[in-house]
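Please treat every number below as a calculation from the coordinates, not as lab data. Owing to the predicted nature of the structure, the values given are computational and were not obtained by experimental measurement. All Cβ positions, even for glycine, are placed from backbone atoms using ideal geometry, and neighbour counts span all protein chains on display.
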Amino acid sequence: MAASDSPKRAGRRPAASAAGSGAREEIEAVARQQFADLGYERVSVRGVARKAGVDPKLIHHYFGGKEALFAAVVELPLTPGEVVAELRVPSEETLGHRLARIVIGMQSNALSRMTMLGVIRAATSQPLAAERIRALLTNRLLVPIARELEIDQPDLRAALVGSQVVGLMMARYVVKVPALARASDEEITELLAASLDAVLGSAITPRAGNSTAGR
């Protein structure tokens, strides 16, 4: 047999061959799912690479490591500006009711829910994740919304709203409390709206007609 005809030794696919179109997106999708299902501690770069069908070196090339990968896949789908714009639309509903619809809408969206569950699961054991959920939910979303809407005690009210959002997700999707797990989105929206109205207090009066509505 000629040297050129000798069988080649099989080995792991090199990182370069896995770096084709869609490789990064596949890594992110797998990582997002695993962080949601397993929590931060039980996820490994090798496990993500195996599931995504790539060399672990490619993950290090794109993201630098597990912490950076985690940070890359836990972004909220809505910005404070988008939420404020929706809340400023003239409506007969209370602000709490409109905010409840946005929250439940995010939780009902598979991608949004997966992202938030990954952070919540991880936050119970990983300081980075706890910091991430504070940054995402409170500092970058709820507090800016409360301040933009000129709500009294914005930091405290935002923190209380955040505690209800996180608590609801834990109870409904992680612990799976039966009454919450089987309730419809509409039922939960109505009850959550009443709770948010109580937290937001008299500051929830819609401001569609004031001078800031068009900002």
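Quick notes on this structure:
Listed here are the residues, each with its yes/no results for (1) farther than 15 Å from residue 78 by Cβ; (2) surrounded by fewer than 20 Cβ atoms within 10 Å (Cβ to Cβ); (3) out of contact with any Phe, Trp or Tyr (no Cβ under 7 Å at 6 or more places or on another chain).
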site	(1), (2), (3)
97	yes, yes, yes
101	no, yes, yes
109	no, yes, yes
116	no, no, yes
137	no, no, yes
147	yes, yes, yes
152	yes, yes, yes
187	yes, yes, yes
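- In this entry, residue 83 passes the filter for residues that are over 12 Å from the mean Cα position of the chain (by Cα) and touching a residue at least 12 places away in the same chain (Cβ under 8 Å).
- Positions within region 91-114 being touching a helix residue (DSSP H, G or I) at 6+ places or on another chain (Cβ under 6 Å), among the hydroxyl-bearing types (Ser, Thr, Tyr) and in contact (Cβ under 8 Å) with a residue 60 or more places away in the chain, in sequence order: 94, 108
- Scan of region 185-201 for residues that are more than 22 Å from residue 113 (Cβ to Cβ) and either of a type outside the set (D, E, K, R) or free of Cβ contacts under 8 Å to residues at least 12 places away in the same chain (or both), ordered by number: 194, 198, 199, 200, 201
- When residues in region 156-179 are screened for being exposed (fewer than 15 other Cβ atoms within 10 Å of the Cβ) and in a helix (DSSP H, G or I), 7 of them pass.
- Here residue 99 meets each of (1) within 23 Å of residue 140 (Cβ to Cβ); (2) in contact with a Pro (Cβ under 8 Å, 6 or more places away or on another chain) with one exception, condition (2).
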